[in-house]
Each structure stands twice: as C-alpha cells, then as structure tokens.
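Notes follow the structure.
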Amino acid sequence: MPDSTADRDLVARFLARRDEDAFRDLYRAHTPRLYSLLRRLAAGRASDADEGLQETWVRAVRGLPAFEWRSSLATWLAGIAIRWWREESRQRAREVDLPDDERLPPSAPVRREIARVDLDRALASLPRGYREAILLHDVEGYTHEEIAAMTSVEAGTSKSQLSRARSALRARLGGGNS
C-alpha cells in the first residue's frame, strides 16, 4: 500500500504545478490495486475494468483540489472506482430490460481443479453489495469504517453484507444452492 506521506507530497506537487512526474508516480502506486478491484467488480471483464480505471483517474484529478485527507488517498480512489462501477451498473441495467436474475452472470459448476476460476465466478454471481463487501474487506483489506465511507453505507451494513457474502460463497463453492 502506498505511503501516505509520499502521497501527500506527490499530490501537492501535482496540484501546485501540474507536475506530470508526480502524477505518474501516483498512478503507478495506486493503479494495480484499483485495477484489481475494478476487474473483480466487473466479474473479470478487462474492458470494463480499463474503462473504470480511466474514469476513476479522470474523476480523481478533478476532485484532488477538494480532497481533505480524512481518509487515505487509496481509500478515496477506491471509493471513486466503486461509485463509477455502481453508476455504470445502473446505466447498463436501464439499457437492458431483463429481470435482475438474468443480468447476473450464471454460477459455474464447481470443479476442484480450477478453484480460482470457480472463486471468480462465484464472486461475480454475488449481488453487488455482497461482492463489494467481500472484495473490499477480505481481498483489499479495508476496515468496515473505510468501506462505509467509500460506499455510503453504515459500517454495520458492511459487516452484515460481508457475513452474507461469505455464506453465499461457501454455498456456491461447496456445491450447495445459494
């Protein structure tokens, strides 16, 4: 995880003189984690993750002057990425006139020899809130308070979504019905 002091210095340099080297360093420090988060939110679709990453950085550059450092830069950036993904998901849902169940990717049959693919598919089949909770907490390591700030839910909601997500994943990966 990038250093907060280094982030503050790079942001200050970028804002003061639009220093491209400072922005490039910020981009390199935070992009791998953001891309990983977006790829998982997008159920593995690289083109959606690429689009989300670009939009996250565009929005971040616009918002940096107002960023108040109440959270880490990494948390703030992840929040931007999540909000973009939610907006994109709502837009796509409006464009496709299908029931919610038909919009979700189908669950894959459990095959022990490709557990990683099974996990990715099981994650992709979770409802959005569950997927966000498990990815942000268990994969990315954010606290429930940070998740609440990023996703505009209460910390208790994050905790309950995480619990339900874990149960759903166990059921899907264990061969049970969700």
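Quick one: is TRP57 aromatic (Phe, Trp, Tyr) and assigned to a helix (DSSP H, G or I)? Spell out how you get there, then give the answer.
Details: aromatic (Phe, Trp, Tyr): yes; assigned to a helix (DSSP H, G or I): yes.
Against the criterion (aromatic (Phe, Trp, Tyr) and assigned to a helix (DSSP H, G or I)), TRP57 qualifies.
Could you look through the range 121-178, keep only residues that are among the polar types (S, T, N, Q) and crowded, with 20+ Cβ neighbours inside 10 Å, and pick out the one that is nearest to ILE82 (Cα to Cα)? Let's see the steps before the verdict.
Applying the first criterion (among the polar types (S, T, N, Q)) to the range 121-178 yields 125, 143, 151-152, 157-158, 160-161, 163, 167, 177-178.
Add one more test, that the residue is crowded, with 20+ Cβ neighbours inside 10 Å, and what stays is 151, 158, 161.
Numbers: THR151: 7, SER158: 14, GLN161: 16 Å.
Ranking the candidates gives THR151 first.
Within the range 107-120, is even one residue within 13 Å of the chain's Cα centre (by Cα) and modelled with pLDDT of 60 or more?
Let us first name the residues in the range 107-120 that are within 13 Å of the chain's Cα centre (by Cα), namely none.
Checked the range 107-120: no residue is within 13 Å of the chain's Cα centre (by Cα) and modelled with pLDDT of 60 or more.
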Discussion item. Tell me whether the range 145-161 contains one or more residues that are without any contact (Cβ under 8 Å) to a residue 60 or more places away in the chain and touching a Phe, Trp or Tyr at 6+ places or on another chain (Cβ under 8 Å).
Written reply: yes
Worksheet item: Within the range 71-88, how many residues are without any contact (Cβ under 8 Å) to a residue 60 or more places away in the chain and in contact with an Asp or Glu (Cβ under 7 Å, 6 or more places away or on another chain)?
Response: 1
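Pick from ALA60, ALA66, ALA46, ALA74: which is more than 11 Å from the chain's Cα centre (by Cα) and farther than 25 Å from LEU15 by Cβ? Reasoning before the result, please.
Numbers: ALA60 fails: farther than 25 Å from LEU15 by Cβ; ALA66 fails: farther than 25 Å from LEU15 by Cβ; ALA74 fails: farther than 25 Å from LEU15 by Cβ.
Going through ALA60, ALA66, ALA46, ALA74 in turn, the sole match is ALA46.
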Discussion item. Please determine whether any residue of the range 48-62 is touching a Lys or Arg at 6+ places or on another chain (Cβ under 7 Å) and at pLDDT 90 or above.
Written reply: yes
Practice prompt. Select from the range 1-53 the residues that are touching a helix residue (DSSP H, G or I) at 6+ places or on another chain (Cβ under 7 Å), closer than 30 Å to ARG128 by Cα and either not in a helix (DSSP H, G or I) or not assigned by TED's automatic domain parsing to the domain that holds SER71 (or both) and list them in ascending order.
Written response: MET1, PRO2, ALA42, ALA43, GLY44
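Return the only residue of GLY129, GLY141 being small (Gly, Ala, Ser), assigned to a loop (DSSP other than H, G, I, E, B) and at pLDDT 80 or above.
Details: GLY129 fails: assigned to a loop (DSSP other than H, G, I, E, B).
Among GLY129, GLY141, only GLY141 is small (Gly, Ala, Ser), assigned to a loop (DSSP other than H, G, I, E, B) and at pLDDT 80 or above.
The values are calculated or read from the model by the stated rules, or taken from the named source; none is laboratory data. Here the structure is a predicted model, which is why all the values come from computation and not from measurement. As a convention, Cβ positions derive from the backbone with ideal geometry for all residues, glycine included, and neighbour counts pool all protein chains shown.
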